[in-house]
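Some notes on the structure that comes next.
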There are 2 protein chains.
Amino acid sequence: MRLALDPAAQDLLFREARTANTFTSEPVTDEQIRAVHDLVKYAPTSMNQQPLRIVLVRSAEARERLVRHMVGNNAAKVSAAPLVALLAADYEFHEKLPRLFPHRPEVRELFADRAVREESARFNATLQIAYFILGVRAAGLAAGPIVGFDTEGLDREFFGAREQRTATVLTVVNLGKPAENAWSARLPRLDFHEVVTTV
Amino acid sequence: MRLALDPAAQDLLFREARTANTFTSEPVTDEQIRAVHDLVKYAPTSMNQQPLRIVLVRSAEARERLVRHMVGNNAAKVSAAPLVALLAADYEFHEKLPRLFPHRPEVRELFADRAVREESARFNATLQIAYFILGVRAAGLAAGPIVGFDTEGLDREFFGAREQRTATVLTVVNLGKPAENAWSARLPRLDFHEVVTTV
């Protein structure tokens with residue numbers, strides 16, 4: 001079966017794109033990040049919640065504060081990338097719902113409980129992380145997403161003490177042009193019959 | 001800034017694609033789902049975990065069992081769609097890690113604890129749900145993802161009693177060709193400066 005998406009786009013986003021471990025020194029500009037956002041902002045979230053928040057770590061001082069909380073060889077990877085972003089879930093997304101879901105502004109009240117909105121923020125921000133990774137590829141860049149970090153340490157570092165904090169980092173992502181040999185051989189994927197069943 | 005992804009592909013996946021509420025009667029074939037899987041299987045998950053499992057609800061009997069657990073007007077939407085899929089997280093994904101992450105088969109032991117692997121399965125399967133939604137669009141179909149259902153009821157119905165269950169449904173998704181007037185006006189999106197900050 002032929003997909004509607006043309007083969008070059010399939011390759012760019014899925015088949016030839018890879019998680020990069022190393023990058024060239026070419027900088028990643030705000031314009032590039034803006035173009036990624038302008039594309040992926042349209043992808044769906046539940047009740048249009050859009051809880052993803054992105055912190056671009058540009059200063060040397062902030063990069064140092066970040067690296068400190070990375071686990072194992074992720075510290076070296078994050079030190080060397082042209083740009084690093086924190087992809088975080090905003091637990092106060094519900095305050096924007098009357099504007100984002102204007103035909104039913106009362107849905108804000110569904111999220112009066114912090115635990116309820118933490119779960120929803122986490123789920124929808126995670127969808128948006130996936131959209132963002134593909135958007136980075138759409139911009140001709142490579143992403144190196146990382147979950148190997150001390151979440152509590154990183155959250156405290158960038159979002160303050162636990163009591164006052166309104167966001168949590170879900171993924172750290174290195175961004176840039178992939179270096180030569182930026183990745184190893186592709187790892188195995190599950191077969192259709194292992195993933196899909198019919199009832 | 002011009003993206004590397006061509007404008008037609010941007011439209012197909014992001015700008016013109018929309019969450020569909022209604023569909024034509026045209027069936028969705030296994031070949032279409034297979035083509036979606038063959039594309040999106042390449043998108044990244046942490047340690048190549050790939051915990052997403054997809055249950056295609058094809059029989060009238062299974063559709064009835066599903067509809068029973070949908071909340072509000074989602075029951076009618078799920079009743080009417082050409083095909084409905086359950087998108088679930090497999091909590092036993094770690095059993096496959098020695099095959100999926102063969103250079104470090106010992107990572108399986110990181111997930112010996114059920115709570116640890118539930119959290120990881122949930123996160124990575126959610127990334128894969130986003131990839132799947134975009135893959136459905138890549139196949140020229142529309143997706144109608146739904147989170148308004150009784151999770152405990154649905155899990156019991158399709159995955160058995162809590163003690164023996166090894167998966168949980170994260171999203172129910174309607175699939176098909178969008179009907180005329182399948183959606184309302186596009187809802188507002190957050191501006192760049194509301195989403196992205198620089199440190």
Quick one: net charge of B:ASP30's neighbours, Cβ under 13 Å, K/R +1, D/E -1? 0
In sequence order, what are the phi-derived ³J(HN,Hα) couplings for the range A:54-63 according to the Karplus relation 6.51 cos²θ - 1.76 cosθ + 1.60 with θ = phi - 60°, rounded to whole Hz, with x for glycine and proline? 10, 10, 7, 8, 9, 7, 4, 5, 5, 4
State the answer as a single residue: which of A:PRO98, A:THR22, A:GLN10 lies farthest towards the positive end of the charge dipole of the protein assembly as shown, with beta carbon charges of +1 for Lys and Arg and -1 for Asp and Glu, about the Cα centre. A:GLN10
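On a 1.4 Å probe surface of the protein chains, which of B:TYR131, A:TYR42 comes out largest in accessible area, and what is the full order?
A:TYR42, B:TYR131
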Averaged across B:130-142, how many Cβ atoms of other chains sit within 10 Å of each residue's Cβ atom? 5
I need the semi-axes of the equivalent ellipsoid of chain B: take the C-alpha gyration tensor, multiply each eigenvalue by 5, square-root it, list largest first in whole angstrom. 28, 25, 17
Within 10 Å of each Cβ of A:48-54, how many other protein chain Cβ atoms are there on average? 4
Average beta-carbon neighbours from other chains, 10 Å sphere, peptide A:7-15: 6
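If you take the square roots of the eigenvalues of the alpha-carbon gyration tensor of the range B:130-199 and sort them as a ≥ b ≥ c, do you get rounded (a/c under 1.5), prolate (a/b over b/c) or oblate? Walk me through the intermediate numbers first.
Values: a/c = 2.42, a/b = 1.43, b/c = 1.69.
Oblate, because a/c is 1.5 or more while a/b does not exceed b/c.
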The range B:25-177: relative contact order from alpha carbon pairs under 8 Å, six or more residues apart, as a whole percent, is 36 percent
Quick one: length gained pulling A:GLU95 to A:ALA60 fully straight, 0.36 nm per residue minus the C-alpha distance? 9.3 nm
Helix-only mean residue ellipticity at 222 nm, chain B, DSSP H runs n ≥ 4 weighted -39,500 (n - 2.57), per residue, nearest 500. What is it? -10000 deg cm²/dmol
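Tell me: how much accessible area in total is hidden between B and A, 1.4 Å probe, Å², nearest 100?
That pair of chains buries around 6700 Å² in total.
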Report the equivalent ellipsoid semi-axes for the protein assembly as shown in whole Å, largest first, defined as the square roots of five times the eigenvalues of the gyration tensor built from alpha carbon atoms. 31, 24, 23
Taking the Cα centroid of the range B:139-182 and of the range A:101-124, what is the distance between the two, rounded to the nearest whole Å? 20 Å
Cleavage-rule hits (GluC sites (Glu not before Pro)) in the range B:101-199: DSSP loop, at most 13 neighbouring Cβ within 10 angstrom: B:GLU163, B:GLU180
Picking from B:HIS37, B:HIS103, B:HIS94, which is most flexible by a Gaussian network model of chain B using Cα springs under 10 Å? B:HIS103
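The values are calculated or read from the model by the stated rules, or taken from the named source; none is laboratory data. As the structure is a computational prediction, the values presented were derived from the model and not from experiment. Cβ coordinates were reconstructed from backbone atoms using ideal geometry, including for glycine residues, and neighbour counts include every protein chain displayed. Quick note on the areas: whole protein, heavy atoms, side chains included, nothing else; ligands and nucleic acids left out. Shrake-Rupley method; radii C 1.70, N 1.55, O 1.52, S 1.80 Å.
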